[in-house]
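The values are calculated or read from the model by the stated rules, or taken from the named source; none is laboratory data. A quick note: this is a predicted structure, and the numbers were derived from the prediction, not measured. Note that each Cβ is placed from the backbone with ideal geometry, even for glycine, and that neighbours are counted across all protein chains shown.
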């Protein structure tokens, strides 16, 4: 034989008992084949001291050549001669595809719970800051003795603590606020808060799109090394195959550890055929190690419930096995090289190995990961850094406002400390009235209680100041 060719009976390669001939890819390559009695590719049996399978028939002279997906190994090479690989092959493993769980709360998946909690806490912190900043930076009207905004009649002037707090929360869902903070400190915090919301929203939108579009289910197993560090999946190989023998003889990690596991659990993890292993992988949490070509063939066909995982290792290939020093090896090598140059082997691969039945069955390299607090930690550092800067500006604004209260009022407050006390009380008194267990029935009673509370607060605070008379009328 001096060339390889392609035909079209649509089969991977099987022996037909009714005709006594091979069909499919193997039958296309070479005709006039017979099936070995034990159905094995070829392995050395220590108990008998002889080769079994197709390799055994070639070694003892029963057959002139073994034509099948026989992996090229050093042990087989000692007993006979291999041609050049007619198909590039390696070892990988297959496992069933994870089923993505459906949830009514799937929209929260792009962020971890700690990140959601941090965002909400930051929003509350910004809201409280804005409410406090609005209250403590109001100007005191000498005529009415009330703390008001200079821009009376505007939304910003009429809004109180909760109004400004609500406007900060509105930014979180990207709604335009009705007004901007009037204080410098409030505007600084709003600026940094809007930057944080912009980054968080953009990240959430991008990751949510990834969760909705990437069809492959999440799996923590992506390599042979991952199998050693988990307990959910068992893994094994086909016992008569050379791949299992390589696991037993390998000294490199992680293959040595994988081989020890298979040997220790051989009764439950080793199978006698690829078909048995594939059924086991479909029905259980089981990973099957074997030739990549056979796995590619299986996962690309229905029922499309399996996937190949990880990189190829022990890449050798499939070759024709002939007796030692066979004169036909050179001729086969020439034909194989010619077929490679003409692209015939690639056509055979697409025709016999890879199918379009499971469109998109190959795992996508694109993935989606849950965003954690560590990923957006810099955003929160920026926001809280802006709040720290805003706090410094708020202290300066508060002191300036208190000094303005002293200079604008001819009677009271007379000192900066008194102005601080009165302004602080204007912030605390609404909260104390809200938390008070007493209920009043008239506006006059409310006014009286407010005056009594204010006078008591000022007397207690001003009693520590010797140059301020304590008999002043409370405001």
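Using beta carbons and a limit of 8 Å, which pairs, at least six apart or on different chains, have the first residue in the range 107-125 and under 17 Å from residue 199 (Cβ atoms) and the second one in a strand (DSSP E or B)?
Matching pairs, first to second residue: 110/371; 111/371; 112/371; 115/371; 119/111.
Conditions (1) farther than 27 Å from residue 107 by Cα; (2) at pLDDT 75 or above; (3) in a loop (DSSP other than H, G, I, E, B), marked per residue:
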position	(1), (2), (3)
176	no, no, yes
191	yes, yes, no
195	no, yes, no
202	no, yes, no
227	yes, yes, no
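Suppose we filter 366, 348 for residues that are under 30 Å from the mean Cα position of the chain (by Cα) and at pLDDT below 90; which single one remains?
Matching residue, one of 366, 348: 366.
Condition (residue is modelled with pLDDT under 90, crowded, with 20+ Cβ neighbours inside 10 Å, touching a helix residue (DSSP H, G or I) at 6+ places or on another chain (Cβ under 6 Å) and over 29 Å from residue 301 (Cβ atoms)) applied to the range 102-113: is it met by at least one residue?
Taking every residue of the range 102-113 in turn, at least one turns out to be modelled with pLDDT under 90, crowded, with 20+ Cβ neighbours inside 10 Å, touching a helix residue (DSSP H, G or I) at 6+ places or on another chain (Cβ under 6 Å) and over 29 Å from residue 301 (Cβ atoms).
A quick yes/no check of all residues on (1) closer than 19 Å to residue 358 by Cα; (2) more than 32 Å from the chain's Cα centre (by Cα):
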site	(1), (2)
253	no, no
256	no, no
261	no, no
269	no, no
273	no, yes
281	yes, no
294	yes, no
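In the set 294, 267, 253, which member is in a loop (DSSP other than H, G, I, E, B) and within 26 Å of residue 46 (Cβ to Cβ)?
Answer to the check: 253.
If you take the residues of the range 231-251 that are at pLDDT below 90 and within 21 Å of the chain's Cα centre (by Cα), which of them is surrounded by the fewest Cβ atoms within 10 Å (Cβ to Cβ)?
231
For the range 183-198, what are the residues that are closer than 13 Å to residue 137 by Cα and either surrounded by fewer than 17 Cβ atoms within 10 Å (Cβ to Cβ) or in contact with a strand residue (DSSP E or B) (Cβ under 7 Å, 6 or more places away or on another chain) (or both)?
184, 187 - these are the residues of the range 183-198 that are closer than 13 Å to residue 137 by Cα and either surrounded by fewer than 17 Cβ atoms within 10 Å (Cβ to Cβ) or in contact with a strand residue (DSSP E or B) (Cβ under 7 Å, 6 or more places away or on another chain) (or both).
Outside any loop (DSSP other than H, G, I, E, B) and under 14 Å from residue 82 (Cα atoms): is that true of residue 334 in this structure? Please lay out each step first, then the result.
Numbers: outside any loop (DSSP other than H, G, I, E, B): yes; under 14 Å from residue 82 (Cα atoms): yes.
In short, yes.
Do you know which residues across the range 56-76 are under 47 Å from the mean Cα position of the chain (by Cα) and assigned to a helix (DSSP H, G or I)?
74, 75, 76
Considering only the range 210-219, I want to know if a residue exists there that is modelled with pLDDT of 85 or more and not in a helix (DSSP H, G or I).
No, because not a single residue in the range 210-219 is modelled with pLDDT of 85 or more and not in a helix (DSSP H, G or I).
From the set of residues in the range 88-101 that are surrounded by 12 or more Cβ atoms within 10 Å (Cβ to Cβ) and within 17 Å of residue 285 (Cα to Cα), which is modelled with the lowest pLDDT? Reasoning before the result, please.
The first filter runs over the range 88-101 and keeps only residues surrounded by 12 or more Cβ atoms within 10 Å (Cβ to Cβ), leaving 88-98, 100.
Then drop every residue that is not within 17 Å of residue 285 (Cα to Cα), which leaves 92-98, 100.
Working: 92: 93, 93: 95, 94: 94, 95: 92, 96: 89, 97: 83, 98: 71, 100: 53.
The residue in question is 100.
Given the conditions (1) part of a helix (DSSP H, G or I); (2) under 30 Å from residue 323 (Cβ atoms); (3) modelled with pLDDT of 90 or more, which single one is not true for residue 85?
Evaluating residue 85 over (1) part of a helix (DSSP H, G or I); (2) under 30 Å from residue 323 (Cβ atoms); (3) modelled with pLDDT of 90 or more leaves (1) as the failure.
Surrounded by 14 or more Cβ atoms within 10 Å (Cβ to Cβ), touching a strand residue (DSSP E or B) at 6+ places or on another chain (Cβ under 7 Å) and either assigned to a loop (DSSP other than H, G, I, E, B) or modelled with pLDDT under 75 (or both): does that describe residue 33?
Against the criterion (surrounded by 14 or more Cβ atoms within 10 Å (Cβ to Cβ), touching a strand residue (DSSP E or B) at 6+ places or on another chain (Cβ under 7 Å) and either assigned to a loop (DSSP other than H, G, I, E, B) or modelled with pLDDT under 75 (or both)), residue 33 qualifies.
Does the range 77-95 hold any residues that are more than 42 Å from the chain's Cα centre (by Cα) and within 30 Å of residue 300 (Cα to Cα), and which are they?
If the condition is that a residue be more than 42 Å from the chain's Cα centre (by Cα) and within 30 Å of residue 300 (Cα to Cα), then 82, 83, 84 are the ones that fit.
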